[in-house]
Amino acid sequence: MITHQYDVVIVGAGGAGMRAALESSKEARTAVISKLYPTRSHTGAAQGGMCASLANVEEDNWEWHTFDTIKGGDYLVDQDAAEIMAKEAIDAVFDLERMGLPFNRTPEGKIDQRRFGGHTRNHGEAAVRRACYAADRTGHMILQTLYQNCVKQDVEFFNEFYVLDLITDRDLATEDVEEGAEVNATGVVAYDLATGEIHVFQAKAIVFATGGAGKIFKTTSNAHTLTGDGMALAYRRGLPLEDMEFFQFHPTGLAGLGILLSEAARGEGGILRNADGERFMERYAPTIKDLAPRDIVARSMANEVREGRGAGPNKDYVLLDLTHLEPAHIDAKLPDITEFARTYLGIEPYTEPVPVYPTAHYAMGGVPTNVAGEVLRNGHDVVKGLYAAGEVACVSVHGSNRLGTNSLLDINVFGKRSGRSAAAYAKTASFIDLPENPAAAVEAQLTELRERPDGERIADIRRALQETMDANAQVFRTGESLNQALSDIRELRKRYQNASVQDKGKMFNTDLLEAVELGFLLDIAEVTVVGALNRKESRGGHYREDYPQRDDAHYMQHTMAYRRPTAAADEADGHIAGYFDHVEEFDGYKVVLGSKTVTQTRYEPMERKY
Amino acid sequence: MTAVMEKADAQPKAGEIPSFDVTIKVRRFNPEGDAAGESHWDEFRITAYGTDRVLDALHKIKWEHDGSLTFRRSCAHGVCGSDAMRINGRNRLACKTLLKDINPQRPITVEPIKGLPVVKDLVVDMEPFFASYREIMPFLITKGNEPTKERIQSAEQRERFDDTTKCILCAACTSSCPVFWTDGQYFGPAAIVNAHRFIFDSRDEGAQQRLEILNDKEGVWRCRTTFNCTEACPRGIEVTKAIQEVKRAMITRAF
């Protein structure tokens, strides 16, 4: 075991992690621990843009952006956080430009902007050009630019190190820690993939920026490595996860493959059509049509397919039509996604419509934080020294449905904020002693997995998990389908106890890590389904066919899910009898649901029409 | 789809995805165990589908046959740069290469990229590659005060370096370069591409410094214009052209 000491440790080197690192490394001794080389992070796969009301091409302001974000999230957004994000968006874009990001330009040489789903002029009048972009590679440019600046600033990285545990001075998972009591994060335990060595990092402040968990689903735009690690580590250590039932399905995944085709395709004029060639979004969102928010478009597509108007031999997808656009325009604005269609489906988008179907894309929920990035351990108490930003976190600026481009914005605004908060805190705090053998749990877990006799393959269990999640917890959900998913997850958990790895080596053992990651996926799937079962309403990305209406009277609350020992109390913070009081027993522990109040400032919830 | 493939499909039912069998030969290297340090070929026979990529085949091997097969991958659609490997003797991304496009009638060979130390199976040590990248100062260098808003850059100025902004640092170009194979000190195409990205950016003021660095004996002059790099680039960057433009800038000092 090797030990390190840093003022600030950042876990994850995607957009949020590196943006945090650029702030904290100026002020405090910082290490970034990443399971991938930084430039492999999935921020790089984001395509269409990053919204900010620069008003470079038409009238716009941050108040409209705030409103759109709140309405887009079906009013489950914390309005103070959304306002901060929309205001700070402007500087976040300028920051990136000054760091060197090669944005597309207007004829005057300013940053160009284009339309994107759900972003409108004057509270929904018409689509507005708000997304700042670099062709359809905006995420790639953000990731590269942030990494370039980390190189410039000599940020210290530990690449291909997997963080496998979070250390706190009070054990929230087993102890009954009273409200208001001080709890400190003190370090993390990491596994060096190259050598198989365990490293313990003691830190005054820790920032989680580990990204999403799309691999709980089979059809997903997410990378193989997006296995919900940070969320699951926090959850296992007794921290709540917020609003996990809200998962975004991006409308335009390449049919059958899930590879993302940016909403920018529709922002640039692309149209969705059913098998009859009808522009069906005119029926579902008469004002902004194909540029309605993603939850609405995804549901509309799935509905077209269910009602028999899907295209293709199995009538199981719809078509994204770009054929009326000039090839030169497509090449200039959408080069990558049109190449995906050519490479993976052999479709020429100049002349043929592209088969598309919704693909699991983004977790709106995550580790709860306040606007400074501090992690909450219930509805109000923070864990000192622990921060989170990006997809792993839930601030909540996305509510029940994130608007396109707002994730690239989120990682920049709240990555920066959490990096600053962490460094400021580290300057005033002292190191706290770690427990006697901080890596014991991780070592035991890895040894057990490695030495378990021949059993079932990890991949088979993972595939079964992904299949049940696709079948039962996707765009359309019912109590019945969710109960099916939950019973499958219980069964898979048992199978996971007996699964084994074939690679018994120490060095670069990816077989072993896939086994560890499957454990994270099972945790995240479980908490997603429990939250979805409890929320008997339809809102944003969570659609219950058995409860198709939004129910503000009872469910205008954030879900908070806690994993607790079987013997612990059945009431969690924010317990609301009849609505947020669900307890789900599992083998050896239980999931207890509570709630957290949604912060509302300027905007009264209204019916959501586009 | 090739004629061979259509024959193998044998009239699938409507909507059914045609499948075919293919042999994958993988270069193995285990740093541990009885045969530590010796490399050998392993053959696997798998069933694949028309949309399957080499990465899908490798996953099928790892997930159904041999869990110890080791390779890097992440995004699986050609944007993260993790899975550059030598497939049928050519550098490509495993996630961007469809099996049906590389004649699955014959065994498909998969090896690690060349010129970097092999760590395990298809995984190489990327540190020397990233070290060269860091050396060319791959970041915007400016003097004077920062503007309060964005810097102004015309669409034409932006277009000037567009091609080289596409680089995903996968190392397919650098590890296809015969000069790099024999001289690990050579900066290699990827580092030069990333220098180009800034040298020709109208906002940047560090071109002189970067050109000094690349004027080194291990710099751009080692390039023998064999075009391997251009052919290898999965992003379609005209790598050799970019290197030539850097050479020209060094002589003319015009950029």
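Worth a mention:
- Helix B:54-64 vs. chain B, principal-axis angle (Cα, 0 to 90°, nearest 10): 50
- When the Cα positions of A:Y147, A:S400, A:T219 are compared along the charge dipole of the protein assembly as shown, A:Y147 comes out farthest toward the positive end, with charges on each C-beta of Lys, Arg, Asp and Glu.
- Point-to-point label distance, B:A155-A:E443, nm (Cα→Cβ direction, 7 Å offset): 6.3
- Student exercise, the protein assembly as shown dipole from Lys, Arg, Asp, Glu Cβ charges, in Debye to nearest 20: 2300
- Cross-link pairs exceeding 25 Å between alpha carbons, from the set B:K25/B:K60; A:K494/B:K62; A:K26/A:K215; A:K35/A:K71: A:K26/A:K215; A:K35/A:K71.
- With every protein chain in place and a 1.4 angstrom probe, the accessible-area ranking of B:I46, A:I90, largest first, reads A:I90, B:I46.
- Choice from B:R27, B:R224, B:R86 showing the highest fluctuation, given a GNM over chain B with Cα pairs closer than 10 Å: B:R224
- The residues packed around B:A35, meaning those with a beta-carbon under 15 Å from its beta-carbon, carry a net charge of -3 if Lys and Arg are +1 and Asp and Glu are -1.
- Three-way shape label, the protein assembly as shown, alpha-carbon gyration tensor, a/c 1.5: rounded
- Under 14 Å of direct C-alpha separation, and excluding same-chain neighbours fewer than eight residues apart, B:K247 reaches these aspartates and glutamates: B:E212, B:D216, B:E218.
- Environment charge at B:T182 (Cβ cut-off 15 Å; Lys +1, Arg +1, Asp -1, Glu -1): +2
- Only Lys, Arg (+1) and Asp, Glu (-1) charged, at Cβ; segment B:127-254 dipole about Cα centre in debye: 180
- Where only DSSP H runs of four or more residues are counted, chain A gives -10500 deg cm²/dmol as its mean residue ellipticity at 222 nm, each run worth -39500 (n - 2.57).
- Cα-based helix-to-principal-axis angle, A:458-472 vs chain A, degrees rounded to 10: 50
- Once the Cα atoms are used to define both axes, helix A:440-451 deviates from the longest principal axis of chain A by about 80 degrees.
- Rg and Dmax of segment A:447-525, based on Cα coordinates, read 13.9, 45 Å.
- A Förster radius of 51 Å combined with the Cβ-Cβ distance from A:D460 to A:E436 puts the calculated FRET efficiency at roughly 0.85.
- Computing FRET efficiency as 1/(1 + (r/R0)^6) for A:E545 and A:D276, where r is the C-beta to C-beta distance and R0 is 22 Å, gives about 0.35.
- Sorted largest first, extent of segment B:13-124 alpha carbons per principal axis (Å): 49, 29, 22
- Dipole magnitude (debye, nearest 20) for segment A:210-263, charges at Cβ of Lys, Arg, Asp, Glu: 260
- Three-way shape call for segment A:273-427 based on the alpha-carbon gyration tensor, with the a/c threshold at 1.5: prolate
- Rough spin-label spacing in nm, given labels placed 7 Å along Cα→Cβ, for A:D176 and B:W221: 7.8
- GluC sites (Glu not before Pro) lying in DSSP loop within segment A:79-187, provided at most 15 other Cβ fall within 10 Å: A:E108, A:E125, A:E175, A:E178, A:E179, A:E182
- Along segment B:66-82 the Karplus relation, 6.51 cos²θ - 1.76 cosθ + 1.60 evaluated at θ = phi - 60°, assigns HN-Hα couplings of 9, x, 7, 4, 10, 7, 9, 6, 9, 5, 6, 9, x, 10, 9, x, 7 Hz to successive residues, with x for each Gly and Pro.
- Virtual paramagnetic centre 7 Å along Cα→Cβ of A:N498, amide N under 20 Å, in segment A:412-456: A:448-456
- Segment A:310-376 versus segment A:584-609: alpha-carbon centroid distance in Å: 30
- Taken along the Cα-to-beta-carbon direction at a fixed 7 Å, the label points for A:E326 and A:A577 span 6.8 nm.
The values are calculated or read from the model by the stated rules, or taken from the named source; none is laboratory data. For clarity, every value in this text was computed on a predicted model and none was experimentally measured. In this analysis, Cβ positions are derived from the backbone assuming ideal geometry, glycine residues included, and neighbour counts consider all displayed protein chains. Areas reflect the complete protein model, heavy atoms only, side chains present, ligands, DNA and RNA absent. Shrake-Rupley method; radii C 1.70, N 1.55, O 1.52, S 1.80 Å.
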